[in-house]
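Read the figures in this text as sums done on the coordinates, not as results from a lab. Quick caveat, the model's predicted, so the values are computed rather than measured. No Cβ is skipped: glycine too gets one built from the backbone with ideal geometry, and neighbour counts run over all protein chains shown.
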Amino acid sequence: MPIVELRNLYFSYEGSAKPALKNINLVVDRGEFIVLTGPSGCGKSTLCRVLNGLIPHFYRGRLSGQALVAGLDVKETPTYILARHVGMVFQNPENQLFLSTVERELAFGLENLGLPEEDIEQRVKQALDYFGLADLKDRPPYLLSGGQQQKVAIAAVMIMEPELLILDEPTANLDPVSAEEILELLEKLRKEKNISVLLVEHRLELVLRYATRLLIMREGEIIADGPPERVILTEHANIVGIPPVVEVYKILSGTKYALKDIPLTPSDLTNEIEAVVKRGVGH
Amino acid sequence: MEWVIEAEDVYYEYEGGGLALDGVTLRVAKGEILAIMGENGAGKTTLVKHFNGLLKPQRGRVVVLGMDTRHTPVSVLARHVGIVFQNPDFQLFAETVEDEIKFALRNFGFPEDVIEKRAKWALKIFGLEKYRERSPYALSIGERKRLSIAAVLSYDPDIVILDEPTSGQDFLQKERLAELLYLMKQQGKTVIIVTHDVEFAVRRSDRIVVMKAGKILGEGPPKKVLSDVRLIKEARLKPPQIIETAHSLTSKGVIVSKDIYPATPYELIRALGLGEDI
C-alpha cells in the first residue's frame with residue numbers, strides 16, 4: 001500500500017477565490033526520498049498540510065478529490081491519528097521544542113499515547129543512542145545549537161515511528177556542515193527504517209543527491225515529477241534554480257566535451273570531467 | 001579607502017555564557033558587500049549587533065561612520081545602520097504589512113508624502129503589494145523575511161545588515177535580492193550579510209570574513225577564501241560546488257589551479273581549456 005495517494009485533489013483556503021492546490025495527483029511509496037521545490041507561494045506548504053491533516057481539520061477551506069495517507073482518508077481521520085503515521089519537522093526547531101530536557105522532549109509523544117513507562121524509557125534510550133543525543137539528554141533544548149535542536153526535533157518525531165517524515169526547509173538556518181549532517185541522517189533513516197521522506201527545499205545543490213524523486217510545483221500544480229536527473233534538465237527547473245554542477249553538464253552538452261551522465265555532486269562532476277579528459281578531444 | 005565601520009579588538013561576553021567575541025578587529029569599506037560566514041555560534045550575530053550599538057564592546061571599540069558606539073545613542077545609529085535579524089518574527093509587530101513598513105519611516109520623522117512613496121517602493125520591489133492590508137503573521141516565513149528587509153530598506157540607511165537574508169527564499173527572490181544589494185552598492189551603501197549560503201556568497205559578495213569561536217579566522221576575496229580548503233574545513237563551512245570540483249580535479253592532476261580555484265561553471269570550463277569551442 002502506498003503511504004500517500006492523492007487523486008484529483010483541489011483545495012482553496014476560506015475567503016480565497018484562487019485554489020491553492022489544483023488537480024494534484026501523487027502516489028508515494030515506502031522508501032522514497034522526495035524533494036519538493038517551487039517558487040514561494042506555489043502550494044508546497046499547503047500540500048504538506050493536507051498530508052498531516054491540518055487541512056481540512058485546522059485550516060478551513062474547500063477540499064475536493066481524494067486524499068489517503070497510510071490508507072486513511074484525511075478528511076475523515078482526526079489529526080492525532082494521522083500524527084502516528086506522518087511526522088512533521090519545521091524550519092525553526094525552537095518553535096517545536098518546549099520541554100525542559102532533551103529526554104523529556106523525546107518521551108512527550110509516547111506519554112501522550114499512554115504507553116507503559118518501561119516501554120517509554122526503553123524507546124527513549126534507543127532513540128538517544130540512535131540519534132547520538134545521549135550526552136545531551138539532560139540539557140534544555142533551547143541551549144543547544146541549531147543543528148542539535150533540529151536533530152532533537154527529528155528524533156522526537158521519529159520516536160513515534162511514522163511511515164512518512166515531512167520536513168519544511170529543515171536546514172535553512174543551519175551552517176553547511178550541520179545541514180549536511182541532518183541530510184545524511186534523513187538518508188540513513190530512509191534506508192534503515194524504510195520510511196518515506198518528503199523534503200521541501202529551495203537549495204537543490206544541497207539536497208538533490210539524496211532525492212529518489214524530484215517534484216516541482218507552480219501556482220498550485222505539480223508541473224514536474226520524476227527522477228532528479230531527468231526533471232532537473234526540463235525547462236521547469238529553470239524557475240527553481242539549477243545546481244552549478246548541473247549547469248556545467250548543460251553548457252557542455254551538445255559539444256564534443258559532452259559529459260556522459262548528469263552530475264548531482266562535485267564528486268560526480270569530477271569523475272565525469274576526468275572521463276572526458278581521458279577520452280581525449282575529438283570523439 | 002573610506003571606512004564606515006572600524007571594530008578594534010572587540011571583546012564581548014554574555015552573562016553566564018562563554019566569550020562570544022574574543023578580540024575581533026575588522027574594518028568595513030563604504031560601498032562594499034561583505035559576507036560574514038561561519039558555523040552556528042561562531043559570534044557572527046553578536047558582532048553585527050555591535051555595528052548598530054545594540055551591544056557595546058566590553059573591551060576595544062567600534063566606530064561607525066565616525067561615531068564611537070559607546071558614546072552614541074542607539075536611536076542615532078539606527079537611522080544610519082539598518083539591521084534585519086535572522087528570525088523576522090522578532091521585529092514584526094504592526095497590524096498590516098503596509099503599517100509595518102511605514103512604522104520606521106514615521107518614527108524617523110519623514111514627511112507623509114515621502115512615507116507614502118517609500119512604502120510603495122518597498123512593497124513593490126519585494127512583491128508584497130498584494131498583501132498590503134494583511135497581517136504580517138498571515139504571511140509565509142519567506143514573505144515575512146522579505147517584509148522585514150523591505151521595512152529597513154525603506155528608510156534608506158547608509159549601512160544595511162542582513163542576517164541570513166536568503167534563507168527560505170526561492171531562486172528568483174534570491175536573484176532579486178542580489179540585484180538589490182548591487183544597486184545599493186552602486187549608490188554607495190554598505191551591505192553586510194551574515195550567511196551560510198556559500199553559493200550566494202561566492203557570487204554576490206565582494207569580500208568574505210570567516211569567523212569561529214569569537215575570532216576572525218580569515219578574510220579576503222570570496223573565491224580566494226572559499227578556495228582555502230583548510231580554512232573552510234576548520235570553520236565547518238562547505239566549498240561551493242564548482243570550487244570543490246576544481247579542488248578534486250586539481251588533486252587528481254586533471255587541471256592545475258594554485259591558490260584560487262574557478263568558482264562558476266564557465267570559469268571551470270575555461271580552466272579545463274574547453275572554453276574556445278563553446
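Could you give the size of the charge dipole of chain B about its Cα centre, using +1 on the Cβ of each K and R and -1 on the Cβ of each D and E, expressed in debye and rounded to the nearest 20? Write out the running numbers ahead of the final one.
On the way: 39 positive and 39 negative charges, 49 e Å.
Charge dipole, chain B, about its Cα centre: 240 debye, nearest 20.
Using only Cα atoms, what Kirkwood radius does chain B have, in angstroms? Write out the running numbers ahead of the final one.
Numbers: mean 1/r = 0.0501 Å⁻¹.
Evaluated over chain B, this radius sits at 19.9 Å.
Among the trypsin sites (Lys or Arg not before Pro) in the range B:86-167, none sits in a DSSP loop with a Cβ that has at most 12 other Cβ atoms within 10 Å.
Less than 11 Å Cβ to Cβ from B:Val63, Lys/Arg counted +1 and Asp/Glu -1: what total charge do the surrounding residues give?
0
Relative to the longest principal axis of the Cα atoms of chain A, the long axis of helix A:146-158 lies at roughly 70 degrees.
The separation of the range A:208-226 from the range B:185-224, counted between C-alpha centres, amounts to 32 Å. The radius of gyration of the Cα set in the range B:110-233, together with its Dmax, comes out at 16.4, 54 angstrom. When only alpha carbons are used to place a centre, the range B:15-33 and the range B:86-117 end up 28 Å from one another. The angle between the Cα long axis of helix B:112-125 and the main principal axis of chain B comes to about 30°, on a 0 to 90 degree scale. Separation of the range A:238-267 from the range A:3-30 is 32 Å, based on Cα centroids.
Restricting to bridges with both residues inside chain A, how much of the DSSP beta-bridge set is antiparallel, in percent to the nearest 5? Spell out each step's value before the answer.
Details: 20 of 37 bridges.
Here the share of antiparallel DSSP bridges comes out near 55 percent.
Placing unit charges on each Cβ (+1 for Lys and Arg, -1 for Asp and Glu) gives the range B:98-230 a dipole about its Cα centre, and among B:Ala122, B:Pro157, B:Ala201 the Cα reaching farthest toward its positive end belongs to B:Ala201. The DSSP beta bridges internal to the protein assembly as shown are antiparallel in roughly 55% of cases. Between the listed residues A:Tyr142, A:Thr79, A:Ala20, the Cα displaced farthest toward the positive end of the dipole of chain A, a dipole computed from Cβ unit charges relative to the Cα centre, is found at A:Ala20. Which of the three applies to the range A:239-283, rounded, prolate or oblate, going by the alpha-carbon gyration tensor with a ≥ b ≥ c and a/c under 1.5 meaning rounded? Since a/c reaches 1.5 but b/c is at least a/b, the shape of the range A:239-283 is classed as oblate.
Between B:Asn107 and A:Leu99, take the C-beta separation as r, use R0 = 30 Å, and let me know the FRET efficiency to the nearest 0.05. That gives a FRET efficiency of 0.20.
What angle, in degrees between 0 and 90 and rounded to the nearest 10, separates the Cα long axis of helix A:266-279 from the longest principal axis of the Cα atoms of chain A? With both axes taken from Cα atoms, the answer is about 20 degrees. Using R0 = 51 Å, the C-beta based FRET efficiency linking A:Ser64 and A:Asn194 works out to 0.95.
Hey, could you grab the Kirkwood Rh for the protein assembly as shown? Inverse mean 1/r over distinct alpha carbon pairs, Å, one decimal. Mind showing how you got there, number by number?
Values: mean 1/r = 0.0396 Å⁻¹.
This gives a value of 25.3 Å.
Restricting the calculation to alpha carbons of the range B:1-102 gives Rg and Dmax of 14.7, 43 angstrom.
Please work out how much length the chain gains when fully extended from B:Glu13 to B:Glu129, using 0.36 nm per residue of separation minus the C-alpha to C-alpha distance, in nm with one decimal.
Values: separation 116, 0.36 × 116 = 41.76 nm, distance 4.20 nm.
Full extension from B:Glu13 to B:Glu129 adds 37.6 nm.
Largest GNM mean-square fluctuation across B:Ile36, B:Ile255, B:Ile159, computed for chain B with C-alpha springs under 10 Å, falls on B:Ile255. Summarising the amide proton neighbourhood of A:Asp175: residues at separation of 5 or more, or on other chains, whose placed amide H is nearer than 5 Å comprise B:Asn40. Coupling constants for the range B:216-224 follow from the phi torsions by the Karplus curve (6.51 cos²θ - 1.76 cosθ + 1.60, θ = phi - 60°), and in residue order they are 8, 8, x, 7, x, x, x, 5, 5 Hz; glycine and proline get x. The equivalent ellipsoid of the range A:136-242 has semi-axes of 28, 16, 12 Å, largest first, where each one is the square root of 5 times an eigenvalue of the Cα gyration tensor. On the principal axes of its alpha-carbon atoms, the range A:47-94 has extents of 34, 22, 15 Å, going from largest to smallest. Charging the Cβ of each Asp and Glu at -1 and of each Lys and Arg at +1, and nothing else, the dipole of the range A:133-203 about its Cα centre rounds to 140 debye. The HN-Hα couplings worked out from phi for the range A:253-261 by the Karplus form 6.51 cos²θ - 1.76 cosθ + 1.60 (θ = phi - 60°) are 5, x, 9, 6, 9, 3, 7, 6, 10 Hz, whole numbers, x standing for Gly and Pro.
Roughly how big is the protein assembly as shown's charge dipole about its Cα centre, with Cβ charges of +1 (Lys, Arg) and -1 (Asp, Glu), in debye to the nearest 20? Spell out each step's value before the answer.
Numbers: 69 positive and 78 negative charges, 226 e Å.
About 1080 debye.
Taking every DSSP helix (H) stretch of at least 4 residues in chain B, weighting each as -39,500 (n - 2.57) and dividing the sum by the residue count yields a mean residue ellipticity at 222 nm of -11000 deg cm²/dmol. Take the alpha carbon gyration tensor of the range A:53-167, find the square roots of its eigenvalues, order them as a ≥ b ≥ c, and report rounded if a/c is under 1.5; if not, report prolate when a/b exceeds b/c, else oblate. Prolate, because a/c is 1.5 or more and a/b exceeds b/c. Can you give the % of DSSP beta bridges in chain B that are antiparallel, to the nearest 5? The antiparallel proportion sits near 55 percent.
Tell me what chain A gives for mean residue ellipticity at 222 nm when only DSSP H runs of n ≥ 4 count, each as -39,500 (n - 2.57), the sum divided by the residue total, rounded to 500 deg cm²/dmol. Numbers along the way, then the final one.
Values: 11 runs with 104 residues, N = 283.
Here the helix-only value at 222 nm equals -10500 deg cm²/dmol.
For chain B, averaging the sequence separation of C-alpha pairs within contact (under 8 Å, six or more residues apart) and dividing by the residue count gives a relative contact order of 22 percent.
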